[in-house]
Structures are given as C-alpha cells and as structure tokens.
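The values are calculated or read from the model by the stated rules, or taken from the named source; none is laboratory data. All values derive from a computational prediction rather than experimental measurement. Note that each Cβ is placed from the backbone with ideal geometry, even for glycine, and that neighbours are counted across all protein chains shown.
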Amino acid sequence: MTIQDSLLNQFHTGSKFNQKNVMVKLRLKRCGRKQRAIYRIVAIDVRSRREGKDLQKVGFYDPIQNQTYLNVPAIRYFLEKGAQPTGTVHDILRKTELFKVKEGPS
C-alpha cells in the first residue's frame with residue numbers, strides 16, 4: 001500500500017472531500033517529557049491536529065541538545081509530491097542544506 005493509498009483510506013467514500021486533492025505538510029510533532037521537549041518531524045495531512053495520526057515519521061529535532069536526524073530520501077519524496085514544510089521545519093531543512101539558499105547577484 002502506498003502512502004497516497006493510506007491517505008485516501010482515511011476518508012469515507014461518501015464525504016464531500018475531493019480525495020485527489022489531499023494536502024500534506026511536513027510538521028513538528030511534540031514528544032518527550034515535561035520541560036524537555038523533543039520534536040518528531042512528520043508528514044501529516046493538513047487537516048489533522050498536531051498530535052494526530054501521521055503518514056510517516058521523517059526525522060526528529062532536539063532543540064536542547066541541538067541534534068537533528070533527517071530521513072533525507074523520505075523528505076525529498078514528500079517535497080517532490082508537493083508537501084509544504086512549516087516555517088520551523090523549513091528552517092531546519094535549510095540549516096542541513098536540503099534547501100539551497102539562493103544568493104543575489106554580487
């Protein structure tokens with residue numbers, strides 16, 4: 001079963017939602033304990049809540065120890081399929097040079 005199929009299976013066939021226009025975001029999902037947050041980077045449907053069911057875990061980010069782990073092939077797959085990263089995830093991806101920073105003419 002592909003990721004797109006699993007996304008489409010989440011919705012009832014009688015809903016008014018157009019199943020071909022599913023929007024996916026790369027978003028942070030909080031985990032860890034109190035006062036010690038760690039975030040998972042997940043691919044998730046835009047209509048899901050922050051702690052909702054994700055499609056795939058594609059990395060994690062620990063802001064306290066400044067550690068990042070990214071599953072680069074999975075992230076590239078979702079970006080090629082049109083997934084939009086949130087602002088914070090975009091900054092994390094830019095720091096790891098997954099997004100090339102465009103410089104103006106000098």
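Collect the residues in the range 64-99 that are outside any helix (DSSP H, G or I) and either hydroxyl-bearing (Ser, Thr, Tyr) or farther than 16 Å from residue 43 by Cβ (or both), keeping them in residue-number order.
Residues of the range 64-99 that are outside any helix (DSSP H, G or I), as a first pass: 64-71, 81-86, 96-99.
Result: 64, 65, 66, 67, 68, 69, 86, 96, 97, 99.
Give me a count of the residues in the range 32-49 that are within 16 Å of residue 88 (Cα to Cα) and assigned to a strand (DSSP E or B).
8
Which of the residues belonging to the range 50-73 are exposed (fewer than 12 other Cβ atoms within 10 Å of the Cβ) and either farther than 14 Å from residue 93 by Cα or touching a Ser or Thr at 6+ places or on another chain (Cβ under 6 Å) (or both)?
Across the range 50-73, the qualifying residues are 50, 51, 53, 64, 65.
How many residues are more than 21 Å from residue 94 (Cβ to Cβ) and at pLDDT 85 or above if we restrict to the range 20-29?
At the first step, the residues of the range 20-29 found to be more than 21 Å from residue 94 (Cβ to Cβ) are 20-23.
Filter once more, keeping what is at pLDDT 85 or above: 23.
The number of residues fulfilling the criteria is 1.
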